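In what follows, a single structure is set out as structure tokens and then discussed.
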Amino acid sequence: MKTNLPSLKLALICGGIGAEHIGSIESALWLLSQFRSDHRIGFFYQHPDGRLAESAELLALFESWAVHPYIKAWIDPAGAENCRSVFRRAVTWPGSAWASLTGGDWDLVWPAFHGRGGEDGSFQGLCECLDLPYAGCGIAASVVCVDKIKTKAILRVSGLPVLPEVTLEDWQLGSPDTISHLVEQAAALADKDETDLDSITRISSSLSDRIRESEARFGYPVFVKPASLGSSLGVVKAANRQALANALVQSLILDRRAMVEPQCNWPEYGIGLCGLDEPQASLVVGYALNPDFFDYEAKFGAQAQDDAIPANLNPAQTRQLQELAVAAWHALGLEGCARVDCFWDNGQMAINEINTMPGFGVHSVYAQAFAKAGLPTAEFLDRIVAAGLERHRRRNSLIISFKDRL
């Protein structure tokens, strides 16, 4: 069913202060060239230091992005030229960047941020304070899903399968100065052939307690993950006690909480979702994993492998994964767009993580999984836009202001 949206004035913003800055630019450039041609787009960019780029800066920035090895927003020179042409029109907004973004009479803002500083509820909160409709998940779902530990807690109490974990928080290790000292000590342990727990206890009793718990429950190898980083940034595979101690301390430099999970040898799959109350599920994607694990380089580097779309599953297996993804959508209050990554093997399942603003680009499995299911890209994007507009309409119909209570 078509959304039948009229021509709209859309603001697209990317970049941001988080570690997934480059992926955000790639997503935004791809989106810019894929929206319906009659939509009027304004392109905005946030520098890593938080500044919004002014219009005069953006053309030169585009040319630097066009040759960046990790930005793959088109497949050939013709695609690059098409994006360049659309980009030139999209950066002609008048006045300052801040005034144009917040007061430009946009029908909807699309935050193409990934990770902290934009996908984590912060920008969504800004939009709601300014009464701006926006694409993607709302504040609550964005806050929860950027944090792997919080996500798993909600999924678990909702009766949905997740892997077990052991967690460690920065305050359990002491002050920031203490953690900096621990980094040096833990790094020294990594060079030893063998480490006893007494050595780790002398560094931190909380650290040794978590390692003891992890070893008892999971053995080795295990994966150590910062709670709130995406794209496998900061993820370390630890094969022994020394590596685990070092990885946990290093993770707490990147985030305030870290978790340890057992290695799961089941194949991993991704399911895209878009819509609002009754989301449409995409084809199931079968991830092509690199030999060790699916790290940032495996996902986005020169040796990234092609994923299977659709995955090599029978209809019943496909339906089982799609139903699990939809159940996660409802449990977490997702809206607009999301991708649910799951482990599955012979009917056994575990949700791995949720992306509330999946990556877009030439190699985006999220967009491809809908396109190969027969949903044209422009219509697919319109459905995400329509969900954001409908959420805004519903929110503004609620009686929530002091004036309305008089």
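Values quoted throughout were computed directly from the atomic coordinates according to the rules given, and no laboratory measurement underlies them. The structure presented is a predicted model; accordingly, all values stated were derived computationally and were not measured. Neighbour counts are summed over all protein chains in view; Cβ atoms, including those assigned to glycine, are modelled from backbone coordinates with ideal geometry.
Before moving on, here are some points about what is shown:
- Amide hydrogen proximity for residue 41: with H placed 1.01 Å from N in the peptide plane, the residues at 5 or more positions away or on another chain lying under 5 Å are 10.
- Considering only the Cα atoms of segment 1-72, their convex hull presents on average a projected area of 5.9 nm².
- In Hz, Karplus ³J(HN,Hα) per residue of segment 382-394 (6.51, -1.76, 1.60; θ = phi - 60°; x = Gly, Pro): 4, 5, 5, 4, 4, 5, x, 5, 5, 4, 4, 4, 5
- In the list (1) 65, 53, 33; (2) 101, 61, 38; (3) 66, 60, 50, the label attached to Cα extents along the principal axes in Å as derived from the coordinates here is (3).
- Gap separating the Cα centres of segment 53-81 and segment 263-283, nearest whole Å: 30
- Among the listed pairs 72/225; 9/372; 150/225, those beyond 18 Å (Cα-Cα): 72/225; 9/372
- Bridges between two residues of segment 9-135, per DSSP, are antiparallel at a rate of about 10%.
- Highest mobility in the GNM of the chain, judged by mean-square fluctuation with C-alpha springs under 10 Å and restricted to 368, 46, 348, is found for 348.
- Dividing the Cα radius of gyration of segment 166-262 by its Kirkwood radius returns 0.92 for Rg/Rh.
- The H on the amide N of residue 284, modeled in the peptide plane, is under 5 Å from the matching H of 311, each at least 5 residues off or on a different chain.
- Cβ-defined net charge surrounding residue 392, 13 Å radius [Lys, Arg +1; Asp, Glu -1]: -1
- Per residue Cα convex hull volume in Å³ - calculated over segment 84-208: 232
- Residue order, fewest to most surrounding Cβ atoms within 10 angstrom, among 30, 171, 266: 171, 266, 30
- Most mobile listed residue (111, 279, 164) in the chain, GNM with C-alpha springs under 10 Å: 164
- Fewest-first sequence of 218, 123, 43 by Cβ atoms within 10 Å of each Cβ: 218, 123, 43
- Packing-based exposure ordering (other Cβ within 10 Å, fewest first) of 366, 220: 220, 366
- Using a Gaussian network model of the chain in which every pair of alpha carbons under 10 angstrom is joined by a spring, one finds that among 360, 113, 87 the greatest mean-square fluctuation is at 87.
- For residue 135, distant residues with modelled amide H under 5 Å away: 109, 110
- Ellipticity estimate at 222 nm from DSSP helix runs (n ≥ 4, -39,500 (n - 2.57)) divided over the chain, nearest 500: -13000 deg cm²/dmol
- Using C-alpha pairs under 8 Å with a sequence gap of at least 6, the mean separation divided by the residue count of the chain gives a relative contact order of 19 percent.
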